[in-house]
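Report on the following structure.
The values are calculated or read from the model by the stated rules, or taken from the named source; none is laboratory data. Bear in mind that the values here come from a model prediction, so they are computed numbers and not experimental data. No Cβ is skipped: glycine too gets one built from the backbone with ideal geometry, and neighbour counts run over all protein chains shown.
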Amino acid sequence: MTRAMHRVLLIEDDPAISEVLSILFETSGFRVAAVDCCERAIRQAQSYRPDLCVVDLGLPDRDGLNFIMQVRTWSPVPIVVLTARANERDRLAAFDAGADDYVLKPFSGPEVLARVRAILRRITRADEPAAVVRLGAVTVDLANRRTHDLHAEETRLTPLEHRLLECLVRHAGRVVTHRQLMREVWGPHQADVRALRVCVGTLRRKLEREPAQPQYLLTEPGVGYRLETCGDSLRAPAAGIISNAG
Amino acid sequence: MRGDVSSVLIDAGVATQLVVVRAGERVPVLTSGTVDPQMPPQRDRAWSRYACALAVCCLGTALAWPLYGRVDAMNIAMIYVLGATLSGLRLGRGPAVVTAIGNVLALDYFFVPPRFSLDIADPQYLFTLVGTLAVALIISNLVVSVRRQTGAAVAREHRTATLYAMSRELAGAADAVAIADVAARHVGATLEAKAHVLLTDATGALHHDACTVGPVEVDLPLARQALASGQSVEASRSREASVYLPLVGGKAPNGVLVVHPSPGQQLVPEQLRLLETLAGQLALALERARLAELAAESRAAAERAALRNTLLASISHDLRAPLAAIASAGSLVAQSSHALSRHRRAVLGQLIEQKAHEMSALLSNVLELMRLESCAGLAASNWECVEELVGTAVKYNQHRLEGWRIITRIPAELPLLRVDAQLIVQLISNLLENCSKYTAAGTCITIEAAVRGDGLLLAVDDDGPGFGTREPETLFEKFTRGQPESHVSGVGLGLAICRAIARLHGGSICAMNRPEGGARFETFLPLAPGCTGDTRSLSA
């Protein structure tokens, strides 16, 4: 990292995990401020002005959701949530409150770093929304509503598919919840998750080489979808594990 | 008895026929359902029957009139006896008596000398008249009682058929709600009324929400009263008279049967008796359902306890071994790091990490299985696309499956499944993990999906050694492993979890050897009703 060091605000009440994550971030070129409760976290978020927050949802004084909602009232700073696999509802609530991504416990160090870096990369690029997106062999020209494959042959997208893709591109790399997609693509009153499934399916057939093993239009089960544009899709690496008993 | 009373009344009213008709009007109303179950007691019906009785008198007289003088008065009496018999056959007791008396009066008036007078000249005609009257009354009485018995037999048969039909359907009903549905339909159809069954909850109390779903308006306090007293309660509000029958089984009250007759109708005693029989049958069926539920619950509890014991015994070893490794490696690094070379520190670090991974996987398996076995139904099910579920599972296991070739054959037109996405992803993940453990890298794993009957078949095939002579079914038992003592980590919960997940979705999973070699796992998941609808159109 040649540019100025990114500042990370780490909100985690388990001292072991907090310690390990701090070391992880510091050795990877970040500056870290670690706090262990919601109240201090909110004060720090105002004074420390972090570039990114990592929040554990279960905090001693208040719920991590509370922190997300409070911060969202004044700041668009990216927020990554630490959550246990079983708490699907919490995860959805976190996205609804304004979280940008999540990491499942038990998580591995490289996974956390990859998620954090992907988000930071996105916000530095977010100023100029890409008009042309490359998804492997397929090029999507959002402005002119055109999609070409490798042989420059045009693939026709229906208006719904186009709107869906556009919505995913706008949040590229980030999880977009089912509810959010349905609201932005179908409108606020026509929420049928079946239509969303079918539309994603047809879109995958047009964009992916192997629709059952997608490379770009990824599923976040129980939560939503994520469009991977950089090609360096996140893998669950076999290295490094950090977890707490809860 | 009542019939006799009415005949006495009518005897008393012989002088004026008008009085007879009026008195006769009330007879069916007083004795509704016992005089003639086939004929509902209605005013105009009674009227017309008595009018018919009188018409039979007139007809007999008209027939006999041309015969007067040619045949003896005795034979004319036969015509009148015939008329009284017919009247008894068709019109019931009251009108039959009217016909008999009217006939004798007509015989006396028109044909017994002196004609056109009720006087009797020859005493022998007195015998004729009394005999005719007696014969006519006896015959009509006999005919009426035969008719009544026939009617009762028909009603009995009807009741038996109703009971039989209902009990046959009740035997097939799966749970209390289905039983209540069947019973409400049968009772409603039999009595031409609206019927509804209110079910009590586990504590035997009636709740308001049990009353709001049915087709009839229910008075909850009355239902509770019926339940508390154990006796049927009749509520007459304005013109409707609804009946509340408690359904009491062996121990606890099971519910209340509410019957609303059609507007303007009332339940006659015959119908009430039938209703009580049906209610008894229904109470028995509900009791049976309740007991079956209790038995299933206790069986499940016993199974859970047994599982917990096996689990504790089995994981204690699998947890202690890696913990020992982690603790010793950790202390080495912490206490004597200066004495360790860079390489050795790295080795110890990797060991800690690997063992922690194993423990974490084991723990999440155990927790998952506990959770699956303890939950009764699906907590979070949604419409999911098979292709997506498979894709997610493959992605999750990418690091494990780096050396394998994965082929997916999933048709585009598969219907959506109503499932818990995370659980199905876990199921497929476990199968893939198994493949990675028991087959050599570089082989092929094929994932196929297709509609089979009313469900979806998801098959995972590999090119490995298969199961050999081993019974594949045993693999699904908890703590069973393909190779009991081996370096492959795990405690043998993966397939048990798969089976628990499949069962939770109302499906099944089985394993078999492929004829061309290798193992095949087939998961069958039922399709939810409505999923085969034209979902294609939604994407347009």
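Which one is surrounded by the fewest Cβ atoms within 10 Å (Cβ to Cβ) among residues in the range A:207-216 that are facing chain B (nearest Cβ under 9 Å) and of a type outside the set (D, E, K, R)?
That would be A:Gln213.
Would it be correct to say that A:Val81 is aliphatic (A, V, I, L, M), touching a helix residue (DSSP H, G or I) at 6+ places or on another chain (Cβ under 7 Å) and not assigned by TED's automatic domain parsing to the domain that holds A:Val223?
On the way: aliphatic (A, V, I, L, M): yes; touching a helix residue (DSSP H, G or I) at 6+ places or on another chain (Cβ under 7 Å): yes; not assigned by TED's automatic domain parsing to the domain that holds A:Val223: yes.
When the stated conditions are applied, A:Val81 passes them.
If B:Val268 satisfies all but one of (1) without any contact (Cβ under 8 Å) to a residue 40 or more places away in the chain; (2) more than 30 Å from B:Leu504 (Cα to Cα), what's the number of the condition it fails?
Checking B:Val268 against (1) without any contact (Cβ under 8 Å) to a residue 40 or more places away in the chain; (2) more than 30 Å from B:Leu504 (Cα to Cα), the one that fails is (1).
Regarding B:Leu378, is this residue of a type outside the set (D, E, K, R) and modelled with pLDDT of 90 or more?
Details: of a type outside the set (D, E, K, R): yes; modelled with pLDDT of 90 or more: no.
When the stated conditions are applied, B:Leu378 does not pass them.
Exactly one of these conditions fails for A:Arg62: (1) under 28 Å from A:Gly222 (Cα atoms); (2) more than 14 Å from every other protein chain (Cβ to nearest Cβ); (3) in contact with a strand residue (DSSP E or B) (Cβ under 7 Å, 6 or more places away or on another chain). Give me its number.
Here A:Arg62 meets the rest and fails (3).
Among the residues of the range B:157-198, how many are assigned to a helix (DSSP H, G or I) and either among the aliphatic types (A, V, I, L, M) or within 14 Å of B:Val256 (Cα to Cα) (or both)?
The first filter runs over the range B:157-198 and keeps only residues assigned to a helix (DSSP H, G or I), leaving B:157-172, B:176-191.
Still in the list and also either among the aliphatic types (A, V, I, L, M) or within 14 Å of B:Val256 (Cα to Cα) (or both): B:161, B:163, B:165-166, B:170-171, B:176-184, B:187, B:189, B:191.
Going through the range B:157-198 one residue at a time, the tally reaches 18.
Considering every residue within the range B:277-287, establish whether at least one is of a type in the set (Ser, Thr, Tyr) and assigned by TED's automatic domain parsing to the domain that holds B:Gly188. Talk me through it step by step, then tell me what you get.
Step one: filter the range B:277-287 for residues of a type in the set (Ser, Thr, Tyr), giving B:277.
So of that shortlist, the ones also assigned by TED's automatic domain parsing to the domain that holds B:Gly188 come out as B:277.
Yes, the conditions are met somewhere in the range B:277-287.
Among the residues of the range B:449-470, what is the count of those that are in a loop (DSSP other than H, G, I, E, B) and either among the basic types (Lys, Arg) or at pLDDT 90 or above (or both)?
Just the residues of the range B:449-470 that are in a loop (DSSP other than H, G, I, E, B), to begin with: B:453-454, B:463-470.
Among the residues that remain, those that are also either among the basic types (Lys, Arg) or at pLDDT 90 or above (or both) are: B:470.
Residues meeting the conditions: 1.
Of all residues being touching a residue at least 12 places away in the same chain (Cβ under 8 Å) and assigned to a loop (DSSP other than H, G, I, E, B) in the range B:360-381, which is nearest to the other protein chains (Cβ to nearest Cβ)? Just the residue, please.
B:Ala380
Quick check on the range A:48-66: of everything there that is within 19 Å of A:Lys105 (Cβ to Cβ) and at pLDDT 90 or above, which residue is surrounded by the fewest Cβ atoms within 10 Å (Cβ to Cβ)?
Within the range A:48-66, the subset within 19 Å of A:Lys105 (Cβ to Cβ) is A:52-60, A:63-65.
Filter once more, keeping what is at pLDDT 90 or above: A:52-55.
Working: A:Leu52: 23, A:Cys53: 27, A:Val54: 25, A:Val55: 26.
Out of the qualifying residues, it is A:Leu52.
Name, by its number, the condition in (1) within 19 Å of the chain's Cα centre (by Cα); (2) at pLDDT below 80; (3) surrounded by fewer than 17 Cβ atoms within 10 Å (Cβ to Cβ) that does not hold for B:Ser262.
In the conditions (1) within 19 Å of the chain's Cα centre (by Cα); (2) at pLDDT below 80; (3) surrounded by fewer than 17 Cβ atoms within 10 Å (Cβ to Cβ), B:Ser262 misses (1) alone.
If you go through the range B:388-402, how many residues are in contact with a helix residue (DSSP H, G or I) (Cβ under 6 Å, 6 or more places away or on another chain) and of a type outside the set (A, V, I, L, M, F, W, C)?
Final tally of qualifying residues: 4.
A quick yes/no check of all residues on (1) part of a helix (DSSP H, G or I); (2) surrounded by 15 or more Cβ atoms within 10 Å (Cβ to Cβ); (3) in contact with a Cys (Cβ under 6 Å, 6 or more places away or on another chain):
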site	(1), (2), (3)
B:Leu247	no, yes, no
B:Leu257	no, yes, no
B:Leu275	yes, yes, no
B:Glu287	yes, yes, no
B:Leu291	yes, no, no
B:Ala300	yes, no, no
B:Leu319	yes, yes, no
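Select from the range B:182-197 the residues that are loosely packed, with under 15 Cβ neighbours inside 10 Å and free of Cβ contacts under 8 Å to residues at least 40 places away in the same chain and list them in ascending order. Reasoning before the result, please.
Quick first cut of the range B:182-197, residues loosely packed, with under 15 Cβ neighbours inside 10 Å only: B:185, B:189, B:192.
Residues satisfying the conditions are B:Arg185, B:Ala189.
Taking B:His357 as the residue in question, decide whether it is within 12 Å of chain A (Cβ to nearest Cβ), more than 45 Å from the chain's Cα centre (by Cα), assigned to a helix (DSSP H, G or I) and farther than 23 Å from B:Ser508 by Cβ.
Numbers: within 12 Å of chain A (Cβ to nearest Cβ): yes; more than 45 Å from the chain's Cα centre (by Cα): yes; assigned to a helix (DSSP H, G or I): yes; farther than 23 Å from B:Ser508 by Cβ: yes.
So B:His357 passes the test.
Any idea which of (1) in contact with an Asp or Glu (Cβ under 8 Å, 6 or more places away or on another chain); (2) away from every other protein chain (no Cβ under 14 Å) is the one B:Ala321 doesn't satisfy?
B:Ala321 satisfies every listed condition except (1).
Matching residues to (1) within 7 Å of chain A (Cβ to nearest Cβ); (2) part of a helix (DSSP H, G or I); (3) surrounded by 18 or more Cβ atoms within 10 Å (Cβ to Cβ); (4) at pLDDT below 85:
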| residue | (1), (2), (3), (4) |
| --- | --- |
| B:Trp383 | yes, no, yes, no |
| B:Glu387 | yes, yes, yes, no |
| B:Val390 | yes, yes, yes, no |
| B:Val394 | yes, yes, yes, no |
| B:Arg400 | no, no, no, yes |
| B:Ile407 | no, no, no, no |
| B:Pro411 | no, no, no, no |
| B:Arg418 | no, no, yes, no |
| B:Gln422 | yes, yes, yes, yes |
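Please go through the range A:180-193 and give me each residue that is modelled with pLDDT under 85 and within 12 Å of another protein chain (Cβ to nearest Cβ), ordered by number.
Looking only at the range A:180-193, we keep the residues that are modelled with pLDDT under 85, and these are A:187-193.
Passing the criteria: A:Gln190, A:Ala191, A:Asp192, A:Val193.
Is it the case that the range B:143-158 has a residue that's touching a helix residue (DSSP H, G or I) at 6+ places or on another chain (Cβ under 7 Å) and over 30 Å from B:Ser262 (Cβ atoms)?
Yes, there is a match, as at least one residue in the range B:143-158 is touching a helix residue (DSSP H, G or I) at 6+ places or on another chain (Cβ under 7 Å) and over 30 Å from B:Ser262 (Cβ atoms).
If we scan the range A:74-88, do we find a residue that is within 14 Å of chain B (Cβ to nearest Cβ), in contact with a strand residue (DSSP E or B) (Cβ under 7 Å, 6 or more places away or on another chain) and part of a helix (DSSP H, G or I)?
Pass one, the range A:74-88, residues within 14 Å of chain B (Cβ to nearest Cβ): A:83-88.
From what is left, the residues that are in contact with a strand residue (DSSP E or B) (Cβ under 7 Å, 6 or more places away or on another chain) are A:83-85.
Pick out the ones that are also part of a helix (DSSP H, G or I) and you get none.
Checked the range A:74-88: no residue is within 14 Å of chain B (Cβ to nearest Cβ), in contact with a strand residue (DSSP E or B) (Cβ under 7 Å, 6 or more places away or on another chain) and part of a helix (DSSP H, G or I).
Which residue pairs have Cβ atoms closer than 6 Å, lie 6 or more positions apart in sequence or on different chains, and pair a first residue in the range A:97-111 that is farther than 20 Å from A:Gln180 by Cβ with a second residue that is modelled with pLDDT of 80 or more and of a type in the set (S, T, N, Q)?
A:Pro106/B:Ser360
When you look at B:Val19, is it at pLDDT below 50, assigned to a loop (DSSP other than H, G, I, E, B) and more than 53 Å from the chain's Cα centre (by Cα), yes or no? Step through it out loud before you land on a result.
On the way: at pLDDT below 50: yes; assigned to a loop (DSSP other than H, G, I, E, B): no; more than 53 Å from the chain's Cα centre (by Cα): yes.
Judged against the criteria, B:Val19 is not a match.
Condition check ((1) more than 60 Å from the chain's Cα centre (by Cα); (2) of a type outside the set (Phe, Trp, Tyr); (3) under 23 Å from B:Asn75 (Cβ atoms)) across all residues:
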position: B:Tyr109; (1), (2), (3): yes, no, yes
position: B:Leu126; (1), (2), (3): yes, yes, yes
position: B:Val143; (1), (2), (3): no, yes, yes
position: B:Arg147; (1), (2), (3): no, yes, no
position: B:Val154; (1), (2), (3): no, yes, no
position: B:Thr162; (1), (2), (3): no, yes, no
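Quick one: which residue in A:Ala34, A:Ala45 is surrounded by 14 or more Cβ atoms within 10 Å (Cβ to Cβ) and in contact with a Ser or Thr (Cβ under 6 Å, 6 or more places away or on another chain)? Step through it out loud before you land on a result.
Numbers: A:Ala45 fails: in contact with a Ser or Thr (Cβ under 6 Å, 6 or more places away or on another chain).
After ruling out the rest, the residue left standing is A:Ala34.
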